[in-house]
1. Looking for whichever is under 16 Å from residue 236 (Cβ atoms) and not charged (D, E, K, R) here; the options are 92, 110. Which one fits?
2. Residue 434 versus (1) open to solvent by 10 Å² or more (accessible area, probe 1.4 Å); (2) within 19 Å of the chain's Cα centre (by Cα): which is the lone unmet condition?
3. In the range 438-469, how many are among the small types (Gly, Ala, Ser), farther than 23 Å from residue 487 by Cα and surrounded by fewer than 24 Cβ atoms within 10 Å (Cβ to Cβ)?
4. Quick one: in the range 419-459, which of the residues that are within 11 Å of the ligand (Cβ to nearest atom), out of contact with any strand residue (DSSP E or B) (no Cβ under 7 Å at 6 or more places or on another chain) and assigned to a helix (DSSP H, G or I) is farthest from residue 224 (Cα to Cα)?
5. Determine, yes or no, whether residue 415 is closer than 24 Å to residue 192 by Cα, touching a helix residue (DSSP H, G or I) at 6+ places or on another chain (Cβ under 8 Å) and crowded, with 24+ Cβ neighbours inside 10 Å.
6. Residues 394, 472: which one is open to solvent by 10 Å² or more (accessible area, probe 1.4 Å), closer than 27 Å to residue 57 by Cβ, in contact with a strand residue (DSSP E or B) (Cβ under 9 Å, 6 or more places away or on another chain) and not in a helix (DSSP H, G or I)?
7. Tell me whether the range 470-480 contains one or more residues that are over 30 Å from residue 111 (Cα atoms) and either within 16 Å of the ligand (Cβ to nearest atom) or touching a residue at least 40 places away in the same chain (Cβ under 8 Å) (or both).
8. Filter the strands (runs of 3 or more DSSP E) completely within the range 490-573 down to those with at least 1 residues that are surrounded by fewer than 20 Cβ atoms within 10 Å (Cβ to Cβ) and in contact with a helix residue (DSSP H, G or I) (Cβ under 9 Å, 6 or more places away or on another chain).
Amino acid sequence: MVRLALFIVVALAWIVPAFAQSEQAPIIRYDARFNPVIAPNGMVAAQERRAAAAGAEMLAAGGNAVDAAVATGFALAVTLPQAGNLGGGGFMLIHLAEENRTIAIDYREMAPAAAHRDLFLDAAGNVDRNLARFSLLSTGVPGTVAGLVHALENYGTMELEDVIQPAIDMAEDGIAMSYPIAQSLSQRGERLQRHPASARYFFKEDGSAYAGGDLWVQEDLAWTLKRIRRKGAEAFYRGRVAERIVAEMEAGGGLITMADLAAYRPVEREAVRGRYDGYEIIAMPPPSSGGVHVIQMLNVLEGYDLRRLGHNSAAYLHLLVETMKRAYADRSEYLGDPDFYPVPVAALTDKGYAAEIRSAIDPGQATPSAEIAPAKDLRAEAPNTTHYSVVDAAGNMVSNTYTLNFSYGNGIAVTGAGFLLNNEMDDFSAKPGVPNAFGLVGGEANAIEAGKRPLSSMTPVIVLKDGRPWMATGSPGGSTIINAVLQMLLNVMEFDMNIAAATAAPRLHHQWLPDRVFIEPGISPDTVAALVAIGHQFGRPRILGATQTVMAGPGVVYGATDPRRAGGGAEGY
Ligand code: DON
């Protein structure tokens, strides 16, 4: 009897903690090679550490996830000039835990009123790439300032003057030039130095490059930020900042007028939703293609036993690639600004349609892409879009991706206002079938029209578990964003990786055209050979995305910044 009692006590002593552990802490495991940052209350994960810290500072001051997100958004405009911005646009997804409510803010740039379908065609009817990417015609009406202020005013708890202050301090007092940004500026030097204002803002007075550690002051940017502090978004879209934007346009042949700026509005849209293995996926709707296609692809992949095939096995990667091809083929035909084109969101994210796609996939053979793309690899454009994710102590989450499109946008800074302009107009389809800078093709749905927003691949996502915000993630990477986010989600939801391990795992990309698989280093030559044997063709290996992720665990929060980009930070409080 005593023995039995002793046995039960000893057994319970083993079993209870084992249960408690598996329920409470599947995230930190001794068998993981990568582990996330942990904090008790809140977390901001961003591609630049000081901007993440600016957000965490708001959380520590009692602000919510939206306050932190807006602080990080403004701070990145100072500390990460290649992607953080005032002159670009993006998408912010918010989930308020207590109200169980999602808000999807579209602050994507808009084509100015004078834009038209053939804007980038030359006399012979060919796309003039230079015009579409590096002239002032490439600039859409910026949405960032309106988007951030809209989020703060409607869903934040703090004053604009408090959340914008870290950005102002860093611009006015200067920051130490970081090593990654010094390197990136030197790589883009030629493009930036063509424009006197850009040369002045991003290089020393004698024209030489900053070295890592040098003090870098941005006075004109501080001027703009201080006007926003005083007058809100009005300061950017009317008045002196707007006048400086328009003066730049008039001097350099751009289209944006005072009326275009005054007319800009962010739009709240209905988020797209899907389910995978008991999780609820919430994502950005069009004019981003990311949410629709992540959900479409998860619907297709849900029908396979991926775990049995094994993470990054040839059999698994084959199914991923075949699914990606079909989703990107649909993207080229059906996706665009929903205010101008009836995007069939429900049909594309329907489980029945996913089953049809699945039945067309041969598990033992690659299907060649329906059309052959120009025989070229994807253009290697430096990383430039940026994502950040926030969770606060109440469990609210923000997932935000914003961009200038290319690194430093079109390279043209607004004289006297200190910020760069986007070249987002290249995300439109300049001519049916002609690929944009990311090799993406499109047609009617994404043709240029006045007041229309160009189709995007940006994919901010929030995942709910048991009805509560559980994970927020997203990535830069142009056309590769959707697939980077897809693999991040699968790594966590299907393969039970913690968010740091899921981030570090090698990724792969296929976008239908060109008919090529792009892999990251780390996928083995044996795996590649197995895929070649069943008909897949490979492009040059490349780095795919840079996710920034947070997760809520019982009693703690987790953060993971992507090691693919130097200088990132997951800052908790
Ligand atoms: O909105 C889009 O899809 C593109 N403008 C994003 C560009 C991008 O991610 C570049 N980053 N590598």
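1. Working: 92 fails: under 16 Å from residue 236 (Cβ atoms).
Testing whether each residue is under 16 Å from residue 236 (Cβ atoms) and not charged (D, E, K, R) leaves just 110.
2. (2)
3. Within the range 438-469, the first condition is being among the small types (Gly, Ala, Ser), and the residues that meet it are 439, 442-443, 445, 447, 450-451, 456-457, 467.
In the following step, the residues that additionally are farther than 23 Å from residue 487 by Cα were identified as 442-443, 445, 447, 450-451.
Imposing the further condition that a residue be surrounded by fewer than 24 Cβ atoms within 10 Å (Cβ to Cβ) reduces the set to 443, 445, 447, 450-451.
Within the range 438-469, residues that are among the small types (Gly, Ala, Ser), farther than 23 Å from residue 487 by Cα and surrounded by fewer than 24 Cβ atoms within 10 Å (Cβ to Cβ) number 5.
4. That would be 426.
5. Details: closer than 24 Å to residue 192 by Cα: yes; touching a helix residue (DSSP H, G or I) at 6+ places or on another chain (Cβ under 8 Å): yes; crowded, with 24+ Cβ neighbours inside 10 Å: no.
No; evaluated as a whole, the condition is false for this residue.
6. Details: 472 fails: open to solvent by 10 Å² or more (accessible area, probe 1.4 Å).
Answer to the selection: 394.
7. Here is the first cut: in the range 470-480, the residues over 30 Å from residue 111 (Cα atoms) are 470-471.
Applying the additional criterion that residues be either within 16 Å of the ligand (Cβ to nearest atom) or touching a residue at least 40 places away in the same chain (Cβ under 8 Å) (or both) yields 470-471.
Yes, there is a match, as at least one residue in the range 470-480 is over 30 Å from residue 111 (Cα atoms) and either within 16 Å of the ligand (Cβ to nearest atom) or touching a residue at least 40 places away in the same chain (Cβ under 8 Å) (or both).
8. On the way: elements: 548-553, 556-561, 569-572.
Hits in the range 490-573: 548-553.
The values are calculated or read from the model by the stated rules, or taken from the named source; none is laboratory data. Small disclaimer: the values here were computed from a predicted structure and weren't measured. Here the Cβ is made from the backbone with ideal geometry for all residues, glycine too, and neighbour counts use every protein chain on show. Each accessible area value is taken on the protein alone, full model and side chains, heavy atoms only, with ligands, DNA and RNA left out. Shrake-Rupley method; radii C 1.70, N 1.55, O 1.52, S 1.80 Å.
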